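As structure tokens, the structure follows; a few thoughts come after it.
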Amino acid sequence: MKADSSPMRLSLSSVVSRVSSGLTGRDQASGCGASFASVASPSSFKCADTDQPDLSLRLRDFGTRRPPRLPASPVLGSLRDFQSRPIELFTRAYRALGPVFRIRLGPKRFVVLAGAESNRLVTTREQEFLSSEGMYDAIAKRVGDDPASLLTNVDGERHRKLRSDVQPGFTRSAFEEQLESAVDVVERYFEGFAPGESQNATDLCKRLLVAQMGEVCLGVQPDGYFDDVDTVTDGLVRTVTKPWENYLPTPRRFRRSLVRLSGLWDLVSASPSAGSRRWSQISRRLADEYAKTRSGAALLVVMPLVSGLDTLGSSLSFMLYALASNADAQEQIAAEVREAVGSGPLTREVFRQMPLLRAAMLESFRLYPAVPGVMRYAPAAVEVGGFQIRKNEKVFLPFVLPHHLEEFYPEPEKFRLERFLEHGAATAAPGAFAPFGVGAHACVGSGISEACFLTTIAVFLRRYRIDLDPPGYVLDVRWKPSAVPEGLRIRMHVRD
């Protein structure tokens, strides 16, 4: 669940940004928490030979020098590269122009704040010079809700209150309370496939996530609702990525799926298990306080299914690719899992004995980000790094760009488990590792997402080995707008 996974009007930020934003403060330092512990958390890495100054920020008394502009096509600008290779585009511009520059995508123009130095600035001072207020009105309007109640659409005290209301339902401990149920869902799901059967990896992961989050967060199995969750998620995202569609009538398929999700809300309300799920309890209270319509209330309740569908689904499918294409790493992690678990159950304490598993997750997050970044705007003119950003100018934050810089990650295009096993191996300076984003709108669901990720892969590797189908598959990343391993198929084989 990347980016503000707040409830619908509260909540569809992660759907908007399709990521999610990131680990900050104590969460970033502690990784996955006490139960899902890490050997070397990202914040503990040493910075090797990176004497990188912080970006300056002036809120007044600044000059008029504008950021340099990235040369591009006079008609389309850098649109084609942004649609097909966004991280490569921003990396090239960062190398040539520095951390502050301007870019044009067709008729749209905006400033980019890139690199670890920009991540550090946004982490500590975002609300002094950036805002997202009003940027996502169309999402709330699509379901008849108040735009001021959408978490990604507000800042300041309003944002802090909404976030604090939502966050308890998306902590690691909320997942750990239902760990036994989460493991059972994954085991039953994979048992439904014939050994050696070819599977679409992205579809497999997304369907599994809906089933797992339904059980863990809502106390129900949302059988038969996957297509509705997928349709509503896609429709809400399109209000941002394809804004011209907002002037057209709401698609009938979207309206129909929205109505059906109201039926899922009724299922949750009637479930005897829902009372023991933390999010189910919280969402009912929030629905009474914030919901303006029945569809808005329903979306708030089922938000765990919607907000992480694409981002976490993409991340899991990329992890399967990494394991299938790195047979030695797959076998090392599988052996670690089987030794740690033995013949007993997968418990929260067992995860402390799986440093390779966690290292694989973090390296997969680094190498295969689900989203290229998020958009903000400057509510007032400011100066960043010596360049003026004008009032109301859009600002793009490609927070995952440092993941692909050699000064932080030698041979950044390679999947290397050791980056997150030894201090200094990843040369992760502050701001150089931000898989869930940075700043005030960082991913409220990062904790539960990591716990879900680790649990799913541990259960999978304990019982199955995976191969690419066909064996010579070459990774083809498409941005829709989340990153998707296009055409990735896998075959699962039962381990001896």
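The values are calculated or read from the model by the stated rules, or taken from the named source; none is laboratory data. A quick note: this is a predicted structure, and the numbers were derived from the prediction, not measured. Methodologically, a virtual Cβ is constructed for each residue, glycine included, from the backbone with ideal geometry; neighbour enumeration extends over all protein chains shown. For the accessible areas, the whole protein counts, side chains as well, though only heavy atoms, and no ligand, DNA or RNA atoms are used. Shrake-Rupley method; radii C 1.70, N 1.55, O 1.52, S 1.80 Å.
His493 to Thr64: extension gain in nm, 0.36 nm per residue of separation minus the Cα-Cα distance? Before the final figure, lay out the partial values.
Numbers: separation 429, 0.36 × 429 = 154.44 nm, distance 6.23 nm.
Separation in residues times 0.36 nm, less the Cα-Cα distance, equals 148.2 nm.
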Determine the distance separating the Cα centre of region 244-323 from the Cα centre of region 143-217; give it in Å without decimals. 9 Å
For the chain, what does the helix formula give at 222 nm: sum of -39500 (n - 2.57) over DSSP H segments with n ≥ 4, over the residue count, nearest 500 deg cm²/dmol? -13500 deg cm²/dmol
Region 356-398 and region 446-493: distance between their alpha carbon centers, rounded to Å: 25 Å
With r defined as the distance between the Cβ atoms of Lys161 and Arg352 and R0 fixed at 51 Å, what FRET efficiency is calculated, to the nearest 0.05? 0.90
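Going by average Cβ neighbours within 10 Å, how do the peptides 393-400, 435-442, 405-412, 126-133 rank, with the highest at the top?
Working: 393-400: 23.8, 435-442: 27.5, 405-412: 16.4, 126-133: 19.4.
Highest to lowest by the protection proxy: 435-442, 393-400, 126-133, 405-412.
Want the number for Leu475 to Asp288: 0.36 nm per residue separation, take away the alpha-carbon distance, what's left? All intermediate terms of the calculation are to be shown ahead of the outcome.
Working: separation 187, 0.36 × 187 = 67.32 nm, distance 4.57 nm.
That pair, Leu475 and Asp288, stretches by 62.7 nm at full extension.
List the relative contact order of the chain as a percent without decimals, with contacts defined as Cα pairs under 8 Å and 6+ residues apart. Walk me through the numbers on the way to the answer.
On the way: 1013 pairs, mean separation 154.6, N = 496.
About 31 percent, as a whole number.
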How many percent of the accessible area of region 265-308 is carbon or sulfur, using a 1.4 Å probe? 50 percent
Treating only Lys and Arg (+1) and Asp and Glu (-1) as charged, each at its beta carbon, one finds that region 433-491 has a dipole about its Cα centre, in Debye to the nearest 20, of 200 debye
Given Cα pairs under 8 Å that are at least 6 residues apart, what percent is the relative contact order of region 348-496? 21 percent
Simple label model, 7 Å out from Cα along Cβ direction - Met375 to Arg188, nm: 4.1 nm
Would you mind computing, in nm to one decimal, how far apart the modelled labels at Gln281 and Glu128 are, each placed 7 Å from Cα along Cα→Cβ? 3.9 nm
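Express in nm, to one decimal, how much length is gained between Ser73 and Asn200 on full extension, taking 0.36 nm for each residue of separation and deducting their alpha carbon distance.
Working: separation 127, 0.36 × 127 = 45.72 nm, distance 3.66 nm.
Extra length available between Ser73 and Asn200 comes to 42.1 nm.
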Once the Cβ-Cβ distance between Arg80 and Asp146 is put in as r, and R0 is 41 Å, what FRET efficiency do you end up with, to the nearest 0.05? 0.65
Which ³J(HN,Hα) values, rounded to whole Hz and listed in residue order, are derived for region 110-116 from phi using the Karplus coefficients 6.51, -1.76 and 1.60 in 6.51 cos²θ - 1.76 cosθ + 1.60 with θ = phi - 60°, glycine and proline given as x? 7, 8, 10, 10, 10, x, 4
Here are labelled values, (1) 25.9, 88; (2) 21.7, 70; (3) 24.3, 85, and one is the computed Rg and Dmax of the Cα atoms in Å for what I pasted. Which one? (2)
For the chain, the per residue accessible area (1.4 Å probe, Å²) is 39 Å²
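Compute the relative contact order of region 165-258 as a whole-number percentage, counting only Cα pairs closer than 8 Å that sit 6 or more residues apart in sequence.
Numbers: 42 pairs, mean separation 22.5, N = 94.
Here the relative contact order equals 24 percent.
Please give the charge dipole size of region 62-139, origin at the Cα centre, charges +1 on K and R Cβ atoms and -1 on D and E Cβ atoms. Round to the nearest 20 debye. Don't jump to the answer; show the numbers that get you there.
Working: 13 positive and 7 negative charges, 99 e Å.
Dipole of region 62-139, to the nearest 20 debye: 480 debye.
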